[in-house]
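Structure record follows, encoded as structure tokens.
The values are calculated or read from the model by the stated rules, or taken from the named source; none is laboratory data. Since the structure is predicted, the reported quantities are computational estimates derived from the model, not experimental observations. A quick note on method: Cβ atoms are made from the backbone with ideal geometry, for glycine too, and the neighbour counts reach across all protein chains shown.
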Amino acid sequence: MSEKYSEDQIQRFPFMDKNLDLEKRVEDLLGRLTLEEKFKLSSGRRMWHTKPIKRLGVKPFTMYDGPHGVRADTLGEIKSTYFPSAICRAATWNPNLSYEFGKAVGEEVRDVGAHMLLAPGINIQRTPMNGRTFEYQTEDPYLNKILAVATVKGIQSQRIAACVKHFVCNNQETNRFTVSTEVSERALQEIYLPAFKATVLEADAWSFMTCYNKVNGIYGSENVNLLKERLIEEWGFRGFTVSDWNATASTSTAECVKAGLSLEMPTAKKYNKTNMRKAFQEGGFTEEDLNDNIRRLIRVMFLVGLYDDEKAVPKGSRNTPEHQAIARKITEEGIVLLKNDNASLPLNINEIKKIAVLGPNANLRTEGDDIMSSGGSSINYPPYKISPLDGLKEKCLNQVELTKIPSEADATIIFAGLNHNPGMDAEGEDKKSFELPSEQIELIQKTANECANTIIVLINGSPIAMNSWIDNVSSVVEAWYGGMEAGRAIASVIFGDTNPSGKLTLTFPKKLSDSPAHVSKRTFPGDDKVFYDEGIFVGYRHFDKKSIEPLFPFGFGLSYTSFSYENLMIDKKKIKNNDVIKVSIDVTNSGKIEGKEIVQLYIQDVKSSIERPTKELKRFEKVSLHPNETKTVIFELKKEDLSFYDEAVNSWVVETGAFNILVGSSSRDIRLQGEIDYLE
Ligand code: BGC
């Protein structure tokens, strides 16, 4: 039996000394744990916690979902701010807002007494049909990386661990517990891994969640190559890995330990005492293997202040007006104006008399009230929810009459889209259809015949087909799932209090078969295996390569004003090894109202020994401009920005020769172009 200690004795242990060096505290605690206690610490209990070791005063470490706010219990008794979906936050293209979100949600995690948030989810949006598209950020690795790094930094600014998930290639829900993603090394390096890697290198992420699926035949939780070789050894990750909930089901105890899986959640299965003892006795892993896994978990316990005086850790807060204002601001900036014929938006509140409000999502207070109909693990329970109709009513109060009869109205707004029911934008299965439900299409057609100014506001979290109805309506607004303040943010855009400035972070195809994953069953959803035959040609890289006209391209979004681009200047045309290239562009607000433009810089390798994308996003900046105001946007590029991953030599390579620098307002609206020559 190991010795029991009194509270006083525990307080005098070196690991309790907050002035001692972090690694010394870690080693001190690790050195006091018996082998059996290390087994015990390797798995969770009661869904969201690690087990305490009372003998040593080791407290439970608590982790809660999720990407859109903290959900502290499953029943919804504890309320918290419901932030907009990740796809909406991403559509702001504003890393500051991702940081603000992270910081605010970190404060809420702290306030409910937890230590880690199971977020952000940063899997690449490979297909519009993924049930979890709304929980992820984008199809582009660079944008993904910038937003993921900002989010992790925000969360961890509160000494709350971020848990970056789901590592990696968990890009569909169909067969998610068994499917093997068959993906090339180049696609991993160029598309699927960069954001994960950057959260370690640039944001010091304290935790990673493994994926349910296999990657090239091996489950994420026992994948030596992903966890041990890349994450830990190559990237220098100092945090701990946690299995997705029950993701260890078909794995082996010894393989998980050796791969570097620190924590099995939600309860002990592969890591229960019997399995651990047996695998250990059979030589399946050594105590050193286990020590490293436990050391990582303990390190994060110290990082979040689990053994520090409460006064020494940041103070939490929850459901504050500040957090609600951040939620609203993100939605206002994330809403994307997709179509606006004859400038039918914004509506002028002083001129318009009657608005008809229709559509199944007018009253949608996403998310629903029970977990199964609420998109899955990212649900949370806010103290209130402003539906689109609530938002309109509040704005129109005593000024504009709201009706349900389009023929009598000056304008009709249809709140269409999807919801978080299974088979729509929800975890657990993929979307059943790429179309809007047929009754919505009929409603749009019928209404458009009755009212000349029909505006569609979409509440959904993934691309949908619009071909059958888009030509009949005057405006389309993509409002996503906008969190608890959604209705106010939408009203603000509709009436022009907010000039829309969001842009799409993924391509909206005209039809599903245009999309790279939808070539055959082999490429989606697969069977035992799903083959990523498109390689690096994901999203706009595919549409460019095949010259397919999308419905709306990556990087697209309209504004109530217009912007002009002039004077592309490149400071050196011939560049060598460590040169930094400065690219500057003058962007002017050429319209009549203040607005924000997202200036995008893509590179294009003019001639390459292997096939490369027509263009790749390398920089962007969101600039705010008054009418007639001009700002000079300066981007700095380095040689790495010109490189590709060469499987022949297993490394990143830059080839000499010409590269085009393309600057524009979307991936299909390049306004200026210059050339540089890489000499070596
Ligand atoms: C999801 C994770 C989530 C976990 C805990 C899993 O089913 O894939 O994203 O964090 O459950 O709820």
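Observations on the model:
- Within region 111-131, being out of contact with any strand residue (DSSP E or B) (no Cβ under 7 Å at 6 or more places or on another chain) and of a type outside the set (A, V, I, L, M, F, W, C) holds for D111, Q125, R126, T127, P128, N130, G131.
- Given (1) more than 16 Å from the ligand (Cβ to nearest atom); (2) buried (at least 24 other Cβ atoms within 10 Å of the Cβ); (3) small (G, A, S); (4) under 22 Å from D528 (Cα atoms), number of the condition S221 does not satisfy: (1)
- Residues being assigned to a loop (DSSP other than H, G, I, E, B) and touching a strand residue (DSSP E or B) at 6+ places or on another chain (Cβ under 6 Å) - total across region 406-425: 2
- Restricted to region 165-203, and to residues there that are of a type in the set (K, R) and within 30 Å of K315 (Cα to Cα), the residue that is farthest from the ligand (Cβ to nearest atom) is K197.
- Residue that is farthest from V633 (Cα to Cα), among those in region 579-607 that are within 32 Å of the chain's Cα centre (by Cα) and surrounded by fewer than 17 Cβ atoms within 10 Å (Cβ to Cβ): V606
- Residue match in region 474-493 (condition: away from the ligand (no atom under 16 Å from the Cβ), of a type outside the set (A, V, I, L, M) and surrounded by fewer than 19 Cβ atoms within 10 Å (Cβ to Cβ)): no
- When we screen E264, E234 for residues that are of a type in the set (D, E) and either in contact with a His (Cβ under 8 Å, 6 or more places away or on another chain) or within 16 Å of the ligand (Cβ to nearest atom) (or both), the only hit is E264.
- The set of residues in region 259-282 being of a type outside the set (A, V, I, L, M, F, W, C), part of a helix (DSSP H, G or I) and free of Cβ contacts under 8 Å to residues at least 40 places away in the same chain consists of T274, N275, K278, Q281.
- Single match in K576, K545 (criterion: modelled with pLDDT under 95 and surrounded by fewer than 22 Cβ atoms within 10 Å (Cβ to Cβ)): K576
- On inspection, L20 qualifies as without any contact (Cβ under 8 Å) to a residue 60 or more places away in the chain, under 23 Å from L297 (Cα atoms), among the hydrophobic types (A, V, I, L, M, F, W, C) and not in a helix (DSSP H, G or I).
- With respect to being within 16 Å of the ligand (Cβ to nearest atom) and in contact (Cβ under 8 Å) with a residue 12 or more places away in the chain, I87 fits the description.
- Checking each residue in region 18-63 for being hydrophobic (A, V, I, L, M, F, W, C) and within 24 Å of V112 (Cα to Cα) picks out L41, M47, W48, I53, V58, F61, M63.
- Where a residue in region 376-398 is closer than 16 Å to W480 by Cα and of a type in the set (S, T, N, Q) and its partner, wherever it lies, is more than 16 Å from the ligand (Cβ to nearest atom) and in a helix (DSSP H, G or I), with Cβ under 6 Å and at least six apart: S387/G487
- Within region 226-262, the set of residues being within 20 Å of K214 (Cβ to Cβ), crowded, with 20+ Cβ neighbours inside 10 Å, out of contact with any Asp or Glu (no Cβ under 6 Å at 6 or more places or on another chain) and not polar (S, T, N, Q) comprises L226, L227, R230, L231, I232, V242, D244, A247, A254, G260, L261.
- Selection from region 58-74 of residues that are in a loop (DSSP other than H, G, I, E, B) and within 16 Å of the ligand (Cβ to nearest atom): F61, D65, G66, H68, V70, R71, A72, D73, T74
- Unique match (being part of a loop (DSSP other than H, G, I, E, B), farther than 30 Å from S513 by Cα, away from the ligand (no atom under 14 Å from the Cβ) and acidic (D, E)) among E139, E77, E100, E108: E77
- Restricting A162, A119, A148, A114 to residues that are among the small types (G, A, S), part of a strand (DSSP E or B), modelled with pLDDT of 95 or more and within 16 Å of the ligand (Cβ to nearest atom) narrows the list to A162.
- Subset of region 52-80 [buried (at least 19 other Cβ atoms within 10 Å of the Cβ) and either in contact with a Lys or Arg (Cβ under 7 Å, 6 or more places away or on another chain) or free of Cβ contacts under 8 Å to residues at least 24 places away in the same chain (or both)]: I53, L56, Y64, D65, S80
- Qualifying residues in region 263-277 (those that are over 22 Å from E288 (Cβ atoms) and within 24 Å of the chain's Cα centre (by Cα)) - the one surrounded by the fewest Cβ atoms within 10 Å (Cβ to Cβ): P266
- Residue match in region 204-218 (condition: within 16 Å of the ligand (Cβ to nearest atom), assigned to a helix (DSSP H, G or I) and surrounded by 24 or more Cβ atoms within 10 Å (Cβ to Cβ)): no
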